[in-house]
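Novice: What follows is a structure written as structure tokens; I'll ask about it next.
Computed from the coordinates by the stated procedures, all read-outs in this text should not be read as laboratory data. Keep in mind it's a predicted model, so treat the numbers as computed, not measured. When we count neighbours, we look across all protein chains shown, and the Cβ atoms used for this are built from the backbone with ideal geometry, even at glycine.
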Amino acid sequence: MQDIIAEKLTGFDYVVMLFYFVGITAAFLIGIFKICTRRSPMYFKLIIYAVGCRALEALASFVDCICTGYVVYFRVSNLSLVAYSLFIISANVGALDKFLDEGSSKNLKARLLAFIAPVALSAIYAVFHVIAYNDVGAFSLLSLGFYIEFLPIPVGSYFCMKQLLMPPDSLGFLKATRYVNIFILVQLFIEELSNYSVLISGTATSVCAVLSVSSFFGIVFAVIKGEKIWKTLV
Amino acid sequence: MENLSLMLLLSIIIPMIMALFIFDKRSKTNMIFMMLGIVSCFFCGEINGLLYNVMPLGMQDFTVNVTPVVEEIAKAYPIFLYAFLFKPSKKKIYESAIIIGIGFSILENSYMIANNSENVSLMLALVRGFGAGMMHGITTFAVGFGITFIYTKKKLFIAGSFAMMCVAITYHSIYNDLVQSSYSMAGFIMPVITFIAMMVINKLKKLEIVGKSVSEEMNP
């Protein structure tokens, strides 16, 4: 059972983790200096804070590994993954959704089709755990991780997908947030698929880390571009 | 030395209570928050002690995974109450949050130094002051900052309260992990770097706002 809770690391793993942390932190710092140091819409600030949460989580993972020498699948710093999803949900629901979807039937199709994203993410997550841990005991042990780490992610993906599928709004807010939502969805899928890379090889893990960091840069650049479009609207 | 934390609590807090009768309203509020931080630290010490005896975790795992949760919740509680009962300005929430964190670290540092009086040095005092002192201030500020999201929109309550609490817990957990390892100096430097970054961002924000208002005046 100990193998499920903790895994020994090689030198290459440390390099990948350091790259992952430095990459996301760089993306976060660009976002902070471009968006949060001036008067910007709350939506974009919340997305940058979400990226910051991932940077913090990457730092926590790296620190945990250099201090203990192994990776633990659940620890309290995983709460920053919850914070990441909550910021995305709040950006979409708290700061934007009320303007765009007042509950009319014209958005019904988008509301229903948006379930594709959470269902697909959940399927990827479930299949990985069945393949990787083909053991009922192991699966139940990971259920805590499921509730804390994974559950907010499909909720966040639902709102991103919904806003992508909705017909263009009269004010043009959806145009400003389109690329942000695309990159968030891409990032969430890369993150879930990168679980499989552990089963393949170290090279696959590093490729996933590069893709993941690129998607975070994509989110930040989409936020900077979206903010400029938003300011022309308001 | 059995009730060291209680003795320290009383010796620190009694002069503060007496000072309350002299201070004006603003200073009184700040002093009350400082006292709340100190009292939170005392309660956290007791709760952590109880949990440590019950939970099957080693000291390292306990301080990394359990202590941050207990301490951040205890520190955030007075700010939540203050924000929802009195609805103060954003600036007042930030100030009170930092003061609670500093109050918390006063008792914690006093206890650490008094408890290790044989191995104490000036270096330890500096390290505790800059490291733990700033760390508690920063994490409580993060929670206070999150609470102010509700001022922008009520629906941002979850992001403001719970998400920022998660961020504070993670930060605290990283600090505790580092200071107990062989990279302890990195742990003590981390809050200082964060503090400097916060100051730079604040300065840039002020410059941007001032610049904007000047350009608006010039081009109405």
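Novice: For the cross-link pairs B:Lys92/B:Lys203; B:Lys28/B:Lys205; B:Lys25/B:Lys155, which exceed 26 Å when the distance is taken from alpha carbon to alpha carbon?
Specialist: B:Lys28/B:Lys205; B:Lys25/B:Lys155
Novice: Roughly how many whole Å is it from the C-alpha centroid of the stretch B:39-83 to that of the stretch A:176-234?
Specialist: Computed from Cα coordinates, the inter-centre distance equals 35 Å.
Novice: If each residue's Cβ is checked for other Cβ atoms within 10 Å, how do A:Ile48, B:Ile73 rank with the fewest at the top?
Specialist: Neighbour counts put them in this order, fewest first: B:Ile73, A:Ile48.
Novice: Convex hull over the alpha-carbon atoms of the protein assembly as shown: what's its volume per residue in Å³?
Specialist: Normalising the Cα hull of the protein assembly as shown by residue number yields 168 Å³.
Novice: Compute the Kirkwood hydrodynamic radius of the stretch B:63-154, taking the inverse of the mean of 1/r over all pairs of distinct Cα atoms, and give it in Å to one decimal.
Specialist: 14.2 Å
Novice: Would you mind pulling out the separation of the Cα centroids of the stretch B:182-201 and the stretch B:132-157, in Å?
Specialist: One Cα centre to the other: 19 Å.
Novice: Right, something else. Excluding residues fewer than 8 places away in the same chain, name every one of the lysines whose C-alpha is closer than 16 Å to that of B:Lys153.
Specialist: A:Lys45, A:Lys98, B:Lys87, B:Lys90
Novice: At a 10 Å Cβ-Cβ cut-off, how would you order B:Leu126, A:Leu96, fewest neighbours first?
Specialist: B:Leu126, A:Leu96
Novice: For each of A:Arg75, A:Arg39, count neighbouring Cβ atoms within 10 Å of the residue's Cβ, then give the residues from fewest to most.
Specialist: A:Arg39, A:Arg75
Novice: Over all alpha-carbon pairs in the stretch A:29-68, figure out the percentage whose distance exceeds 11 Å.
Specialist: Tail fraction, whole percent: 64.
Novice: Specify, per residue and in Å³, the volume enclosed by the convex hull of the alpha carbon atoms belonging to chain B.
Specialist: Considering the Cα atoms of chain B, their hull volume per residue is 160 Å³.
Novice: Using alpha carbon centroids, what distance separates the stretch B:108-129 and the stretch A:29-76, in Å?
Specialist: Going from one Cα centre to the other spans 31 Å.
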